[in-house]
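In what follows, a structure is listed as structure tokens, so that the remarks can point back to it.
The values are calculated or read from the model by the stated rules, or taken from the named source; none is laboratory data. Computed from a predicted structure; not experimentally measured. Glycine gets a Cβ as well: all are built from the backbone with ideal geometry, and neighbour counts include every protein chain shown. The protein model used for the area step is the full one, side chains on, heavy atoms only, and it has no ligands, DNA or RNA in it. Shrake-Rupley method; radii C 1.70, N 1.55, O 1.52, S 1.80 Å.
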Amino acid sequence: MAIQNVKGTHDVLHDESKIYQKVESLAASIAETFAFKEVRVPVLEYSDLFVRGVGESSDIVRKEMYTFLDNGGRSNTLRPEFTAGIMRLLVQNKLLLTNELPVKSYYVGPVFRYERPQLGRYRQFNQFGVESVGHDSPYNDVEVITMAYVILQSLGLEDVTIKINTLGDEESRNNYREALKAFFAKHIGNMCSDCKERLVLNPLRILDCKVPGDQEIVKDAPKMSKYINEKSRDRFNKVLSALEELGIKYEIDDTLVRGLDYYSDTVFEFHYTSKAGKNYGAIGAGGHYDKLVKELGGPDLPGVGFSFGVERLVAVLKDDGLASLEDDEIDFYVMTLGEETRSYATKAALLLRVSGYSVDMCMDDVKLANMFKRAEKKRAKFALIIGEEEMNKREVVLKNLSSKEQLTIPFDELIEKVDTLFLNNEEE
Ligand code: HAM
């Protein structure tokens, strides 16, 4: 039996890969305009990084990590997200010991979570994201939210809903946690076993419980907004008014707590329902964090960032017809008449390729008419026809596949002639 891919993973075939490239390169170029620079972190990290970074009470650490012992007996984990790894990179390479804060990084690549696969949810998926680290201004939050918004707009995703909330600073969160503990202590006997653990580790996590009976209890739980202190409230208001000033619409959602433990103050999610009504969950999310760098052994500095789920972006673009799956054009299709002409033809193809033209070549002994059909399918602009006669005279036949004009060119003049043809074509 043929071997199948691992459950929850997926292949990206040639045409779809173009959409991934488009999304990732557009996001990267927009991040560059916001003065973010790319970093690359390993897929593999020591497990402690995520246990300490993402947090012991998060579902990611409790249930979803791909963790194994290496041959030296150390626990390794395939990254379930980027943010903790980026903090490790910044601390380990001493990049935060500078006056020029924040340090602004972007990243793209695969992450791994052992989740239950379903629409838009994979066990290996890709994230594109940014982290702006080292400076506490609320306008850094505004900058990253704006960047995410600009990326989504540039992709054509105009009807994005931005859900936003504040979790408050440490003091606010501690007060809220105490209130939740007191409330849930009265109900915990009737709640799921996960919630019993959550009550001890982090009662905020109970608010995310999906068990229907527990959700009923959560409805009556104290509201976070009542516990946000003045400092955090002011900070949040600054973020909101700056977004308004920029014309970026948002919805305040005071049930938004996010599933990772490192957040404080601003948190947000981007939602998009495709025209067909398909809902893939959040297409991106992020927030501000104030203790993560310190937790990982670095200076006491805050940060803010977001990550998009690239698969989810690609899915909504495809659903809404915003990503064409049509094959790209190629410039030349090389038609060879017989095996003995192929070495010569390969030389002609290489010459064109190193001059920047895209070239494919027929390697089969099929009839010329068949080759023209193939050229049409590949959307080639020109055919380069090479038979024994052309090879012996060191020539090639060039045929414009739309005008059907054809001419014979000496091999040594190929590039010069082709350059002129393409230049004229562009001017027309
Ligand atoms: P997250 O909400 O866990 O946040 O993931 C970010 C995005 O990744 C989600 O909004 C979603 O689009 C995508 N995603 C998550 N799980 C899956 C899955 N199983 N399959 C497909 N896509 C998925 C983080 O990872 C944070 N590190 C974001 C952040 C950056 N916060 C601050 N900086």
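Summary of values
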{"read-out": "Flag for Phe112 being farther than 26 Å from Thr166 by Cα, of a type outside the set (A, V, I, L, M), buried (at least 18 other Cβ atoms within 10 Å of the Cβ) and within 13 Å of the ligand (Cβ to nearest atom)", "value": "yes"}
{"read-out": "Meets criteria (open to solvent by less than 40 Å² (accessible area, probe 1.4 Å) and at pLDDT 95 or above) for Phe50", "value": "yes"}
{"read-out": "Close pairs (9 angstrom Cβ cut-off, 6 or more residues apart or separate chains): more than 26 Å from Gly309 (Cβ to Cβ) and modelled with pLDDT of 95 or more in segment 69-88, open to solvent by 50 Å² or more (accessible area, probe 1.4 Å) and aromatic (Phe, Trp, Tyr) anywhere", "value": "Arg74/Tyr46; Ser75/Tyr46; Ser75/Phe68"}
{"read-out": "Checking Arg88 against (1) touching a strand residue (DSSP E or B) at 6+ places or on another chain (Cβ under 9 Å); (2) within 15 Å of the ligand (Cβ to nearest atom); (3) open to solvent by less than 30 Å² (accessible area, probe 1.4 Å); (4) not in a strand (DSSP E or B), the condition it does not meet", "value": "(3)"}
{"read-out": "Any hit, segment 37-51, residues being more than 24 Å from the chain's Cα centre (by Cα) and not polar (S, T, N, Q)", "value": "yes"}
{"read-out": "Qualifying positions in segment 261-278 - within 12 Å of the ligand (Cβ to nearest atom), over 30 Å from Asp234 (Cβ atoms) and assigned to a strand (DSSP E or B)", "value": "none"}
{"read-out": "Qualifying residue in segment 151-164 (condition: within 12 Å of the ligand (Cβ to nearest atom) and either under 16 Å from Glu45 (Cβ atoms) or open to solvent by 40 Å² or more (accessible area, probe 1.4 Å) (or both))", "value": "yes"}
{"read-out": "Search result, residues across segment 110-166 that are acidic (Asp, Glu) and either part of a loop (DSSP other than H, G, I, E, B) or not assigned by TED's automatic domain parsing to the domain that holds Val257 (or both)", "value": "Glu115, Asp136, Glu158, Asp159"}
{"read-out": "Failed condition for His10, given (1) in a loop (DSSP other than H, G, I, E, B); (2) open to solvent by 70 Å² or more (accessible area, probe 1.4 Å)", "value": "(2)"}
{"read-out": "Members of segment 282-305 that are part of a strand (DSSP E or B) and touching a Leu at 6+ places or on another chain (Cβ under 7 Å)", "value": "Gly303"}
{"read-out": "Sole exception among (1) exposed (fewer than 13 other Cβ atoms within 10 Å of the Cβ); (2) over 28 Å from the mean Cα position of the chain (by Cα) for Glu245, by number", "value": "(2)"}
{"read-out": "Complete set of residues in segment 389-414 that are polar (S, T, N, Q) and in a strand (DSSP E or B)", "value": "Asn400, Gln406, Thr408"}
{"read-out": "In segment 57-75, residue nearest to Gly286 (Cα to Cα) [restricted to those that are within 16 Å of the ligand (Cβ to nearest atom) and part of a loop (DSSP other than H, G, I, E, B)]", "value": "Ser58"}
{"read-out": "Breaking point among (1) more than 14 Å from the ligand (Cβ to nearest atom); (2) open to solvent by 30 Å² or more (accessible area, probe 1.4 Å); (3) in the same structural domain as Tyr106 (by TED's automatic domain parsing); (4) not polar (S, T, N, Q), for Glu216", "value": "(3)"}
{"read-out": "Cβ-Cβ under 7 Å pairs, at least 6 apart or on other chains, segment 118-140 side of a type in the set (A, V, I, L, M, F, W, C), far side within 9 Å of the ligand (Cβ to nearest atom) and in a loop (DSSP other than H, G, I, E, B)", "value": "Leu119/Tyr280"}
{"read-out": "Single match in Phe308, Phe332 (criterion: away from the ligand (no atom under 12 Å from the Cβ), open to solvent by less than 30 Å² (accessible area, probe 1.4 Å) and part of a strand (DSSP E or B))", "value": "Phe332"}
{"read-out": "Segment 40-56, residues that are more than 14 Å from the ligand (Cβ to nearest atom), touching a Gly at 6+ places or on another chain (Cβ under 9 Å) and either of a type outside the set (D, E, K, R) or free of Cβ contacts under 8 Å to residues at least 40 places away in the same chain (or both)", "value": "Pro42, Val43"}
{"read-out": "Of all residues in segment 279-294 being within 14 Å of the ligand (Cβ to nearest atom) and surrounded by fewer than 22 Cβ atoms within 10 Å (Cβ to Cβ), the one that is nearest to Ile252 (Cα to Cα)", "value": "Ala282"}
{"read-out": "Odd one out for Arg258, checked against (1) touching a strand residue (DSSP E or B) at 6+ places or on another chain (Cβ under 9 Å); (2) modelled with pLDDT of 95 or more; (3) outside any strand (DSSP E or B)", "value": "(2)"}
